[in-house]
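The structure appears below as structure tokens.
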């Protein structure tokens, strides 16, 4: 059991690093790219939000595939016999959808719980980031229209 906890913790640490590098790199890019843009325009705000969502989706996909590869390396067949099966199980587990059509044996099931916790953490992080970007857009729209948002920082 301790070995599985260490493996799961290592996978969580790696996915957090992937998410941290990916999201901070993308936000830095967006800040540099849109520094002089008016984010209050529909076009700019949609481009920023859609690109943020796509990048976050791609990061989650990489993180899920990492878990799938770990399952294939660690768990002997026939539990997860193919990459497609491991990837499907990982997507369902990471997103906490949990269909239950594929389950791990008692020996390995602790990992799936850790992956689900990892998914909750990173999806929450992603949601907070998108909300933060949306708040910046709302603030700019309000500032451009001379509207004060209660509780918002106004320069």
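To the nearest 10 degrees, how steep is helix 83-94 against the longest Cα principal axis of the chain, on a 0 to 90 scale?
60 degrees
For helix 2-33, what angle does its Cα long axis make with the longest principal axis of the chain, in degrees from 0 to 90 and rounded to 10?
Its long axis makes an angle of about 20 degrees.
At 0.36 nm per residue, minus the direct Cα-Cα distance, what do residue 147 and residue 101 gain on full extension? Give it in nm, one decimal, please. Before the final figure, lay out each step's value.
On the way: separation 46, 0.36 × 46 = 16.56 nm, distance 5.19 nm.
Here the answer is 11.4 nm.
Calculate for the chain the 222 nm mean residue ellipticity that helices alone would give, adding -39,500 (n - 2.57) per DSSP H run of length 4 or more and normalising by residue count, nearest 500 deg cm²/dmol. Before the final figure, lay out the partial values.
On the way: 4 runs with 113 residues, N = 155.
So the calculated ellipticity at 222 nm is -26000 deg cm²/dmol.
Any idea what the alpha-carbon Rg over 2.2 N^0.38 Å comes to for the stretch 69-144? Working shown, then result.
Working: Rg = 17.9 Å, N = 76, 2.2 N^0.38 = 11.4 Å.
With N residues counted in the stretch 69-144, Rg over 2.2 N^0.38 Å equals 1.57.
Work out how much length residue 49 to residue 125 would gain on full extension: take 0.36 nm times their residue separation and subtract the Cα-Cα distance, in nm to one decimal.
Gain on extension, residue 49 to residue 125, equals 25.8 nm.
Between 0 and 90 degrees, rounded to the nearest ten: what's the tilt of helix 42-74 against the longest Cα principal axis of the chain?
That helix lies at roughly 10 degrees to the long axis.
For residue 34 and residue 61, what does the FRET efficiency come to when R0 = 25 Å and r is the distance between their Cβ atoms, rounded to the nearest 0.05? Walk me through the numbers before you get to the answer.
Details: r = 25 Å, r/R0 = 0.99.
With R0 = 25 Å, the Cβ-Cβ based efficiency is 0.50.
Which translational diffusion coefficient, to the nearest whole µm²/s, is obtained for the stretch 1-102 from the Stokes-Einstein equation, given a Kirkwood hydrodynamic radius over C-alpha pairs, 20 °C and 1.002 mPa s?
Numbers: Rh = 15.8 Å.
The calculation lands on 136 µm²/s.
Please check: in the Gaussian network model of the chain (C-alpha springs, under 10 Å), which one of 54, 92, 123 has the largest mean-square fluctuation.
Fluctuation is largest for 54.
Computed from the coordinates by the stated procedures, all read-outs in this text should not be read as laboratory data. Please read these numbers as outputs of a predicted model, since none were measured by experiment. All Cβ positions, even for glycine, are placed from backbone atoms using ideal geometry, and neighbour counts span all protein chains on display.
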